[in-house]
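The values are calculated or read from the model by the stated rules, or taken from the named source; none is laboratory data. What you see is a predicted model, and the numbers here were worked out from it, not measured in a lab. A quick note on method: Cβ atoms are made from the backbone with ideal geometry, for glycine too, and the neighbour counts reach across all protein chains shown. These area figures cover heavy atoms from the full protein model, side chains too; ligands, DNA and RNA do not enter into them. Shrake-Rupley method; radii C 1.70, N 1.55, O 1.52, S 1.80 Å.
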Amino acid sequence: MRYGDAVMEHFLRPRHVGVMNSSDADVGTGEAGSYQTGALIRIQLKVSEQGQIQESCFKAYGCGCTIAAASFAAQWLQDRSLEQAAQFSSTDVQQALELPPVKVHCALLVQEAVQAAVASVQNKGAF
Amino acid sequence: MSRAQRIYMDYAATTPVDPRVADSMIPWLTERFGNPASSSHPYGWDAEEAVDQARRQVASLVGAEPREIVWTSGATEAINLALKGAAQFYQSKGRHIITVRTEHKAVIDTCLALQDEGFEVTFLDVLPSGLIDPQAFEQAIRPDTILASVMLVNNEIGVIQDVQALGAICRKHKVLFHVDAAQATGKVAINLQEWPVDLMSMSAHKTYGPKGIGALYIRRKPAVRLKAQIHGGGHERGFRSGTLATHQIVGMGRAFELAAQEMDTDNQRITALRDRLWAGLQQIPDLYLNGTFDERVPHNLNISVDHIEGEALMMALTDLAVSSGSACTSASLEPSYVLTALGRSDQLAHSSLRLSLGRFTTEQDIDDTIAAIGRVVEQLRAISPLWSESASEPFTQ
């Protein structure tokens, strides 16, 4: 399948690939998908006491659009508040990356991972 | 990199037309444009002679008689004519057909269409090697079995089925035997005079000929009967009506003639290249070969690279034209049915890559391919949450 420039850009030069220590109190970790189904995204956030995201990173296994979507999300999350992050939507990803309809599930997957990361840090009780 | 600099590693999808083949076709489009069915003037006679020569060339590659070759628009049409034609003609004898789960969609979908017409189809499993167990094949034969269809060379994994043994089983039980040889011509020596095969489908464009032309071998002794699927004019002894595409046919004939002349040297060269490629790829950890290495055409390596998804691998290999069995490359979002039939997990089927070599593959192509795959695998594994996590970061899967 041929994809647009935005997908190729994020896929070939992914932003904010990395890992944080998930047991840190200020780190939220969210995962969506699985190895078995062919796509797995992990999003991690480091949040300040004021509820600002200071750092975000991702790791992803999956097709090119899955990786591009995760890279896009990790970049989008930089310097946002946790409240804004909770509003992160698959539509943003779809529009920014111009994903074809058959790849909408990649956008949904990354939304799920971001929401899980937000919930994870909120559940740690510091915010 | 420009398009021209890309490395083509997808010969199993299609081959370029050999320049010698293209040259042979051109006069038949312009000066020598007659209709081979025009029996009243030299334009027609000229074209008819060209078609006859091509028929001899195609027959000669596979050890058939020229009269046993019927032109079609490609292997898909040949398969449709063989399976539907035989099933419909012989249905009073029985309505059971045997084929294999790893066949090309042209066979699978034709069998499903016959199922809709009331035929019963058994889709046999294969061994983890990709090969058919002859015993299981024989056990699947019932008193009402009229037809079996097996491919000689698999399009995804390149394994070679023992169609001589399977054909002998069919003979013993008086079952018609069709072989899909689309991926085999010019790669495997075929001798239909000796092989117990009744029908065989062929394509030009997998063997350095043009797209849009193929042929069906229909055995004459003992004669196989078929119900025609395309009517109108009674061309090709009534098996397949329609004006013959002289230029395409000439191209297929020339391509098959070259295949006959060059198969041995091509295979030798491609085997050496394949060995070089496989030696290079084996340096990558957690990389697996799909299908047996031994009973396989040298033109095909189908690999799975664990913890990387196949479409991502393909997309990252921007200078390489290859195929993947990943679900993400298909409209169905299902991983390759061929790889899952081998017993491969969905994960490994998702992470597959088909590399197919051909007449114009060079040693430089192979070295560049090994380097590119090595580099990209490392990059994608660095992104993958499934690969070499730091010890401080245990994740459960």
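Treating cross-link reach as a plain straight distance, find the lysines whose alpha-carbon is under 17 Å from the alpha-carbon of residue B:187, omitting any fewer than eight places away in the same chain.
The qualifying lysines are B:206.
Given a 1.4 angstrom probe, what's the average accessible area per residue across the range B:1-123, in square angstrom?
Here the per-residue accessible area is 47 Å².
With θ set to phi - 60°, apply the Karplus curve 6.51 cos²θ - 1.76 cosθ + 1.60 along the range B:129-143 and write out the HN-Hα couplings as whole Hz, x wherever there is a Gly or Pro.
Once rounded to whole Hz, the list reads 6, x, 8, 8, 7, x, 5, 4, 5, 5, 5, 6, 6, 10, x.
If you take every DSSP beta bridge whose two residues both sit in the protein assembly as shown, what share of them, in percent to the nearest 5, is antiparallel?
About 65 percent, rounded to the nearest 5.
Please return the longest range in chain B lying between exposed loop sites, taking trypsin sites (Lys or Arg not before Pro), DSSP loop only, at most 12 other beta-carbon atoms within 10 Å, and leaving the sites out.
B:1-173
What total accessible surface area, summed over both chains, is buried at the interface between chains B and A, computed with a 1.4 Å probe and given in Å² to the nearest 100?
2400 Å²
Express the carbon and sulfur contribution to the solvent-accessible surface of chain B as a percent, rounded to the nearest whole number, probe 1.4 angstrom.
51 percent
How much accessible area per residue does the range A:5-121 have, in Å², with a 1.4 Å probe?
Per-residue accessible area for the range A:5-121 comes out at 38 Å².
Hey, can you list the residues from the range B:367-387 whose accessible area shrinks by 50 Å² or more with all protein chains present, relative to the chain by itself (probe 1.4 Å, no ligands or nucleic acids)?
Going by heavy-atom accessible area, the residues of the range B:367-387 that drop by at least 50 Å² are B:383, B:385, B:386.
In a Debye calculation with equal point scatterers on the alpha-carbon sites of chain B and no solvent, what is log10 I(q)/I(0) at q = 0.13 Å⁻¹?
Calculated log10 I(q)/I(0) at the listed q: -1.10.
Pop out the carbon and sulfur fraction of the accessible area of the range A:5-121 as a percent, whole number, probe 1.4 Å.
Of all accessible area on the range A:5-121, carbon and sulfur atoms account for 46 percent.
Of the chymotrypsin sites (Phe, Trp or Tyr not before Pro) in the range B:56-98, which ones lie in a loop per DSSP and count no more than 10 other C-beta atoms within 10 Å?
For chymotrypsin sites (Phe, Trp or Tyr not before Pro) across the range B:56-98 that sit outside H, G, I, E and B with at most 10 neighbouring Cβ atoms in 10 Å, the list is empty.
Convex hull volume of the Cα atoms in the protein assembly as shown, per residue, in Å³?
In the protein assembly as shown, the Cα hull volume divided by residue count equals 162 Å³.
List the GluC sites (Glu not before Pro) in the range B:97-135 that DSSP assigns to loop (not H, G, I, E or B) and whose Cβ has at most 15 other Cβ atoms within 10 Å. Which are they?
Passing both the DSSP loop test and the Cβ count: B:117.
Only loop residues by DSSP count here, and only those with at most 15 other Cβ atoms within 10 Å; note down the GluC sites (Glu not before Pro) in the range B:213-300 that meet that.
Taking the range B:213-300 and a limit of 15 other Cβ atoms within 10 Å, the loop GluC sites (Glu not before Pro) found are B:295.
Residues of B:307-317, mean number of Cβ from any other protein chain within 10 Å of their own Cβ, rounded to a whole number?
5
Checking the table B:105/B:174; A:46/A:124; A:59/A:124; A:46/A:103 against a 19 Å threshold on Cα-Cα, which pairs fail?
Distance filter (> 19 Å) returns B:105/B:174; A:59/A:124; A:46/A:103.
Assign one of three labels to the range A:5-121, namely rounded, prolate or oblate, based on the Cα gyration tensor with a ≥ b ≥ c the square roots of its eigenvalues; rounded applies when a/c is under 1.5, prolate when it is not and a/b is larger than b/c, and oblate otherwise.
Prolate, since a/c reaches 1.5 and a/b exceeds b/c.
Just give the residues from the range A:1-48 buried by at least 40 square angstrom of accessible area in the all-chains context relative to the isolated chain, probe 1.4 Å, and say none if nothing qualifies.
A:11, A:35, A:36, A:40, A:42
From the square roots a ≥ b ≥ c of the eigenvalues of the alpha-carbon gyration tensor of the range B:21-64, which class results: rounded (a/c under 1.5), prolate (a/b over b/c), or oblate?
oblate
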